[in-house]
1. So which residues in the range 61-72 are in a strand (DSSP E or B) and under 11 Å from the mean Cα position of the chain (by Cα)?
2. Anything in the range 53-90 that is surrounded by fewer than 17 Cβ atoms within 10 Å (Cβ to Cβ) and of a type in the set (A, V, I, L, M)? List them, or say none.
3. Find all pairs meeting these conditions: Cβ atoms under 8 angstrom apart; at least six residues apart or on different chains; first residue within the range 54-76 and at pLDDT 95 or above; second residue surrounded by fewer than 15 Cβ atoms within 10 Å (Cβ to Cβ) and charged (D, E, K, R).
4. Being part of a helix (DSSP H, G or I) and either surrounded by 14 or more Cβ atoms within 10 Å (Cβ to Cβ) or in contact with a Phe, Trp or Tyr (Cβ under 6 Å, 6 or more places away or on another chain) (or both) is the filter here; which residues of the range 1-52 pass it?
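The values are calculated or read from the model by the stated rules, or taken from the named source; none is laboratory data. Note that the structure is predicted; figures quoted are calculated from it, not measured. Backbone-built Cβ (ideal geometry, glycine too); neighbour counts: all protein chains shown.
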Amino acid sequence: MSRRIPVCTVEELAPGERKLAFVDGRGIVLFNLAGVIHAIDNTCPHNGAAMAGGQLEGNVLRCPAHGLRFDLRTGCMPGADGPCLTTFPVHAVDGRWVVSLQD
Ligand code: FES
């Protein structure tokens with residue numbers, strides 16, 4: 001079953017910005033990459049670091065703990081096998097960014 005969680009207004013997430021929200025104790029990070037919104041779980045699949053503090057290099061987010069790099073468009077590491085970030089569908093609904101979570 002899928003739940004739709006409003007995270008923030010469209011105006012609150014300008015291009016280049018990110019937004020961390022907590023839903024049922026789970027951290028979700030939204031990124032606005034040149035007008036395209038991506039939503040990921042805040043937990044690094046390597047060892048659990050908070051991805052919200054990672055450095056962005058284009059579409060790639062570098063984990064602040066050990067430096068693994070994840071493409072926000074796929075959730076996976078470019079050019080390498082390995083664990084992927086958990087990504088979520090996100091849509092604009094009535095002026096808000098809404099994330100769909102699977103229960
Ligand atoms: S916890 Fe993210 S790279 Fe190790």
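1. At the first step, the residues of the range 61-72 found to be in a strand (DSSP E or B) are 61-62, 69-71.
Correct list: L61, F70, D71.
2. L56, V60, A65, A80
3. N59/R73; R69/E57
4. Of all residues in the range 1-52, those part of a helix (DSSP H, G or I) come to 10-12, 51-52.
V10, M51, A52, listed by residue number.
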